[in-house]
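*Asks:* Pasting a structure here, questions to come.
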Amino acid sequence: MSEVRIRDLTELDIDGITRVDERITGRYRPEVWEQRVVYYIRRDADAPKVAEQDGTVVGFMLGEVRGGEFGLDEPTGWIEFFGVDPGARGSGVGRRLTEALLDHFRSRGARITRTMVATRDREIDAFLRAMGFKPAPLTALEKPL
Amino acid sequence: MSEKRLELPREYHEAVLHWQRHSFPDYPKLAEVWDRYFPRDEPFCLCAKVADGMSDVIEIGDLIGEPKATKPADLRPEAARILLGQIRAQASTEFGSIQQHTGTFQRASDPQDQAWVLRVMAEELRHGYQMIHLLTSTDWSPVTDTTPADMVEEILSMQTGSHVLAAFNLEFDSFTDNVVFAAFIDRVGKYQLTMQKVSSYAPYATSMPPMLKEEAFHLAAGVVPLRRWVEAAARGDALVGMDAIRKACTKWFCRGLEMFGDDRPDSHGGEDSVRLGLKDMTNRQAQDAYIAEVGQMLDDLNERYVRAKRPDLSRDDAAALYERVKQGRSGEGGVEWTDLLRLPDRRFFRRRGDGAFQMWGFDGERFDDPEKCIAHVASHLPEAYRASVDVRHWADMLRNVHSGEVALKDAIKSMPRLARVGGPCPCSRSVRWVSV
């Protein structure tokens, strides 16, 4: 197996991301990833990253720099979707994707990056903490409708 | 990488807007649909964008490591001539594609697809504007006697039929062309822009990153509707079927290959541009990568088709079924090889470069009878396109080359001419696009 390569996302990664998502969640959702991929490509095509090994997508991380949400005026790099193929975990793919995306956020003027994790997603929480993320002085609120 | 935004001098800015009013009258609709289809995206800007932070030394070729040129006079004369040709050809493609899209984009059956194409057209207008900025913001007199105003005039006067490259002289026959064009021809554009990112002419190199970011969306505006169409085709409720998509792919793929320049294996096409630091790949190298990439695109589309056709199969089983059908060229489990999308041989239906006016079949088979070859080629093309002057011209030239009436080099130089072959602004109050 060749080394994992981190590169910018393209429209031809939709199938690969759909496959990774299907391997993680068990759901085949191509139309969901088509909309998401197009969104990030049209917003800032240099931001979203994929990890590729032997021509196959084994991980992805989608996000962008925005400002003004939730009263947070400073440019913030938001990590919004990511996934690593279960067969490629433990080899630093997630770390390298995060580093690449955070480098991009810095180049866009962001000095902080934020994300949210569901309480039940302990594995993701542990990964992000290992990457240097800490609980933010923000509270996620919700109300059933 | 941050970017600067620049506006053209007033006379050129006005000329582009004048052109837009004649050739892209739907442009104002983009602002109307922007918030619905592109919420929170930065508003469209008709301006030139220049990237900061790029290399200021030559990255490839004989002069690697030396400072990049900031004006044409700094370049070797040969490099300056090739560069000017690149910019004019690029400008022609940008304005030309808008003219092609305009004819059929209203026929989109999905409002989102239509809005996406409208944005693509506006961004092509911006790319054309960018090329005009390059032509008018510096002194080209060491390279050409033509004034900037006349260069711009020439570009804005071109119509479908008089553009530099054949792919921009074909009419669109339906909205299928808008989408397939974005997937195939904009992809060639991506290759050209990527190669030119290393250009030893700094103002050209710094123009590329902002264009490439927009081009990434253009490719998606082609691929994503195609993905939905093949799924609908598999479910049997498609308004556009696999046969129509496959034939449209053939129409544009063959012309797209010619946009790379002379691709004959022994032609050394593009080597001068690499040597002079204007590009980082030869024509054939870039074309090989392009063919591999569109091959992957069709594989993805076919796998989406198979998944929709056989929703009972797991991903791995569906992928295995697709591979068996593809390799065996057969049918299995309700999936027919003849239904799938596939590329023709690179020499098929060519009018320039490798295979031009030679009798190559779709799968690389040889013909020795021009009439049989023409019938075979026509059977792989869209019905509406078959009746066009473009196909007629190719068939006539093929016959004439093989009867010895026309030399191959003359056939390659010839281009079908449509009735509209350019000219001054059609506005009764003006005879030029550029009023200086």
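*Asks:* Would you check which residues across the range B:88-112 are assigned to a helix (DSSP H, G or I) and open to solvent by 10 Å² or more (accessible area, probe 1.4 Å) and list them?
*Replies:* Those that are assigned to a helix (DSSP H, G or I) and open to solvent by 10 Å² or more (accessible area, probe 1.4 Å): B:R88, B:A89, B:Q90, B:T93, B:Q99, B:T102, B:G103, B:Q106, B:R107, B:P111, B:Q112.
*Asks:* Filter the range B:50-75 down to residues that are out of contact with any helix residue (DSSP H, G or I) (no Cβ under 9 Å at 6 or more places or on another chain) and outside any loop (DSSP other than H, G, I, E, B), then give me how many there are.
*Replies:* 1
*Asks:* Which condition from (1) out of contact with any Leu (no Cβ under 8 Å at 6 or more places or on another chain); (2) open to solvent by 20 Å² or more (accessible area, probe 1.4 Å) is the one that B:A80 breaks?
*Replies:* Answer for B:A80: the failing condition is (2).
*Asks:* Quick one: in the range B:216-237, of everything that is over 17 Å from A:I14 (Cβ atoms) and either modelled with pLDDT under 95 or out of contact with any Phe, Trp or Tyr (no Cβ under 7 Å at 6 or more places or on another chain) (or both), which residue is nearest to the other protein chains (Cβ to nearest Cβ)?
*Replies:* B:R235
*Asks:* May I ask you to verify whether B:F260 is buried (at least 23 other Cβ atoms within 10 Å of the Cβ), among the aromatic types (F, W, Y) and closer than 30 Å to B:S55 by Cβ?
*Replies:* yes
*Asks:* So, one more: Output the number of the condition that A:R111 fails; it satisfies all remaining conditions of (1) touching a strand residue (DSSP E or B) at 6+ places or on another chain (Cβ under 8 Å); (2) in contact (Cβ under 8 Å) with a residue 12 or more places away in the chain; (3) farther than 14 Å from A:R5 by Cα; (4) among the charged types (D, E, K, R).
*Replies:* Going through the list (1) touching a strand residue (DSSP E or B) at 6+ places or on another chain (Cβ under 8 Å); (2) in contact (Cβ under 8 Å) with a residue 12 or more places away in the chain; (3) farther than 14 Å from A:R5 by Cα; (4) among the charged types (D, E, K, R), A:R111 breaks only (1).
*Asks:* Select from the range A:1-12 the residues that are more than 14 Å from the chain's Cα centre (by Cα) and open to solvent by less than 40 Å² (accessible area, probe 1.4 Å) and list them in ascending order.
*Replies:* A:V4, A:E11, A:L12 - these are the residues of the range A:1-12 that are more than 14 Å from the chain's Cα centre (by Cα) and open to solvent by less than 40 Å² (accessible area, probe 1.4 Å).
*Asks:* Across the range B:393-430, what is the number of residues that are in a loop (DSSP other than H, G, I, E, B) and either modelled with pLDDT of 95 or more or in contact with a strand residue (DSSP E or B) (Cβ under 6 Å, 6 or more places away or on another chain) (or both)?
*Replies:* 4
*Asks:* Residue check: is B:G61 at positive phi and open to solvent by 60 Å² or more (accessible area, probe 1.4 Å)? Full working, then the answer.
*Replies:* On the way: at positive phi: yes; open to solvent by 60 Å² or more (accessible area, probe 1.4 Å): no.
It is false that B:G61 is at positive phi and open to solvent by 60 Å² or more (accessible area, probe 1.4 Å).
Results for (1) without any contact (Cβ under 8 Å) to a residue 24 or more places away in the chain; (2) of a type in the set (G, A, S); (3) within 14 Å of chain A (Cβ to nearest Cβ), shown as yes or no for each residue.
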residue	(1), (2), (3)
B:F38	no, no, yes
B:D41	yes, no, yes
B:P72	no, no, no
B:R76	no, no, no
B:H101	no, no, no
B:T104	no, no, no
B:S109	no, yes, no
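*Asks:* Any chance you could count how many residues in the range B:40-68 are in contact with a Gly (Cβ under 9 Å, 6 or more places away or on another chain) and among the small types (G, A, S)? So that I can check it myself, show each step before the final result.
*Replies:* The first filter runs over the range B:40-68 and keeps only residues in contact with a Gly (Cβ under 9 Å, 6 or more places away or on another chain), leaving B:57-64, B:66, B:68.
Among the residues that remain, those that are also among the small types (G, A, S) are: B:61.
Qualifying residue count for the region: 1.
*Asks:* Specify the residue that is most open to solvent (accessible area, probe 1.4 Å); the eligible residues are those in the range B:151-190 that are in a helix (DSSP H, G or I) and more than 19 Å from B:K251 (Cβ to Cβ).
*Replies:* So the residue we want is B:E154.
*Asks:* Can you pull out the residues in the range A:1-17 that are closer than 25 Å to A:G92 by Cβ, in a helix (DSSP H, G or I) and at the interface with chain B (Cβ under 9 Å from one of its Cβ atoms)?
*Replies:* If the condition is that a residue be closer than 25 Å to A:G92 by Cβ, in a helix (DSSP H, G or I) and at the interface with chain B (Cβ under 9 Å from one of its Cβ atoms), then A:L12, A:I14, A:D15, A:G16 are the ones that fit.
*Asks:* Right, another one. Could you tell me how many of the residues in the range B:277-310 are open to solvent by less than 10 Å² (accessible area, probe 1.4 Å), within 20 Å of A:G55 (Cβ to Cβ) and within 14 Å of chain A (Cβ to nearest Cβ)? I'd like the intermediate steps shown before the answer.
*Replies:* Within the range B:277-310, the subset open to solvent by less than 10 Å² (accessible area, probe 1.4 Å) is B:277-278, B:286-287, B:290, B:294, B:297-298, B:301-302, B:304-306.
With within 20 Å of A:G55 (Cβ to Cβ) added as a condition, the list becomes B:286-287, B:290, B:294, B:297-298, B:301-302, B:304, B:306.
Imposing the further condition that a residue be within 14 Å of chain A (Cβ to nearest Cβ) reduces the set to B:290, B:294, B:297-298, B:301-302, B:304, B:306.
Of the residues in that region, 8 qualify.
*Asks:* Let me confirm something: among B:R324, B:R315, which residue is without any contact (Cβ under 8 Å) to a residue 24 or more places away in the chain and in contact with a strand residue (DSSP E or B) (Cβ under 7 Å, 6 or more places away or on another chain)?
*Replies:* B:R324
*Asks:* Next up: Select from the range B:401-416 the residues that are under 25 Å from the mean Cα position of the chain (by Cα) and more than 12 Å from B:A356 (Cβ to Cβ) and write down the one among them that is most open to solvent (accessible area, probe 1.4 Å).
*Replies:* Going through the qualifying residues, I end up with B:M415.
*Asks:* Determine if the range B:272-287 includes at least one residue that is under 30 Å from B:E66 (Cα atoms), assigned to a helix (DSSP H, G or I), charged (D, E, K, R) and under 23 Å from the mean Cα position of the chain (by Cα).
*Replies:* Taking the range B:272-287 as the starting set, the residues that turn out to be under 30 Å from B:E66 (Cα atoms) are B:272-287.
Restricting the remaining residues to those that are assigned to a helix (DSSP H, G or I) gives B:272-275, B:283-287.
From the residues that got through so far, the ones that are charged (D, E, K, R) too are B:272, B:275, B:284.
Add one more test, that the residue is under 23 Å from the mean Cα position of the chain (by Cα), and what stays is B:272, B:284.
Yes, some residue in the range B:272-287 is under 30 Å from B:E66 (Cα atoms), assigned to a helix (DSSP H, G or I), charged (D, E, K, R) and under 23 Å from the mean Cα position of the chain (by Cα).
*Asks:* Now, a different point. Output yes when any residue across the range B:343-366 is in a loop (DSSP other than H, G, I, E, B) and within 14 Å of chain A (Cβ to nearest Cβ), and no when none is.
*Replies:* The initial filter retains those residues of the range B:343-366 that are in a loop (DSSP other than H, G, I, E, B), namely B:343-359, B:361-365.
Subsequent filtering for residues that are within 14 Å of chain A (Cβ to nearest Cβ) retains none.
No, the range B:343-366 contains no residue that is in a loop (DSSP other than H, G, I, E, B) and within 14 Å of chain A (Cβ to nearest Cβ).
*Asks:* Hey, another quick one. Being within 30 Å of B:A232 (Cα to Cα), within 11 Å of the chain's Cα centre (by Cα) and either within 14 Å of chain B (Cβ to nearest Cβ) or without any contact (Cβ under 8 Å) to a residue 60 or more places away in the chain (or both), is that true of even one residue in the range A:84-100?
*Replies:* Checking the range A:84-100: not a single residue is within 30 Å of B:A232 (Cα to Cα), within 11 Å of the chain's Cα centre (by Cα) and either within 14 Å of chain B (Cβ to nearest Cβ) or without any contact (Cβ under 8 Å) to a residue 60 or more places away in the chain (or both).
*Asks:* Now, a different point. Between a residue in the range A:48-75 that is touching a residue at least 40 places away in the same chain (Cβ under 8 Å) and any residue that is of a type in the set (S, T, N, Q), which pairs come within a Cβ distance under 6 Å, given they are 6 or more apart or on different chains?
*Replies:* Going by the 6 Å Cβ cut-off, the qualifying pairs are A:D54/A:S2.
*Asks:* Is it the case, given these coordinates, that B:G355 is out of contact with any Gly (no Cβ under 9 Å at 6 or more places or on another chain) and more than 30 Å from B:V306 (Cα to Cα)?
*Replies:* In short, yes.
*Asks:* If you don't mind, there's one more thing I want to ask. Suppose we keep only residues that are surrounded by fewer than 16 Cβ atoms within 10 Å (Cβ to Cβ) and touching an Asp or Glu at 6+ places or on another chain (Cβ under 9 Å) within the range A:24-40. Which one would you say is nearest to the other protein chains (Cβ to nearest Cβ)?
*Replies:* A:E31
*Asks:* Moving on to the next point. Looking only at the range A:33-89, count how many residues are of a type outside the set (F, W, Y) and part of a strand (DSSP E or B).
*Replies:* 21
*Asks:* Right, another one. Which ones in the range B:193-214 are facing another protein chain (nearest Cβ under 9 Å) and either closer than 24 Å to B:D74 by Cα or without any contact (Cβ under 8 Å) to a residue 60 or more places away in the chain (or both)?
*Replies:* We begin by selecting, within the range B:193-214, every residue facing another protein chain (nearest Cβ under 9 Å); these are B:209, B:212-214.
B:P209, B:L212, B:K213 - these are the residues of the range B:193-214 that are facing another protein chain (nearest Cβ under 9 Å) and either closer than 24 Å to B:D74 by Cα or without any contact (Cβ under 8 Å) to a residue 60 or more places away in the chain (or both).
*Asks:* Also, I was wondering about something else. Is it true that some residue in the range A:44-60 is hydrophobic (A, V, I, L, M, F, W, C), surrounded by fewer than 20 Cβ atoms within 10 Å (Cβ to Cβ) and within 14 Å of another protein chain (Cβ to nearest Cβ)?
*Replies:* So far as the range A:44-60 goes, no, none of its residues is hydrophobic (A, V, I, L, M, F, W, C), surrounded by fewer than 20 Cβ atoms within 10 Å (Cβ to Cβ) and within 14 Å of another protein chain (Cβ to nearest Cβ).
The values are calculated or read from the model by the stated rules, or taken from the named source; none is laboratory data. Keep in mind that this is a model prediction, so the values were computed, not measured. Neighbour counts are summed over all protein chains in view; Cβ atoms, including those assigned to glycine, are modelled from backbone coordinates with ideal geometry. The accessibility values were calculated without ligands, DNA or RNA, using every heavy atom of the protein model including side chains. Shrake-Rupley method; radii C 1.70, N 1.55, O 1.52, S 1.80 Å.
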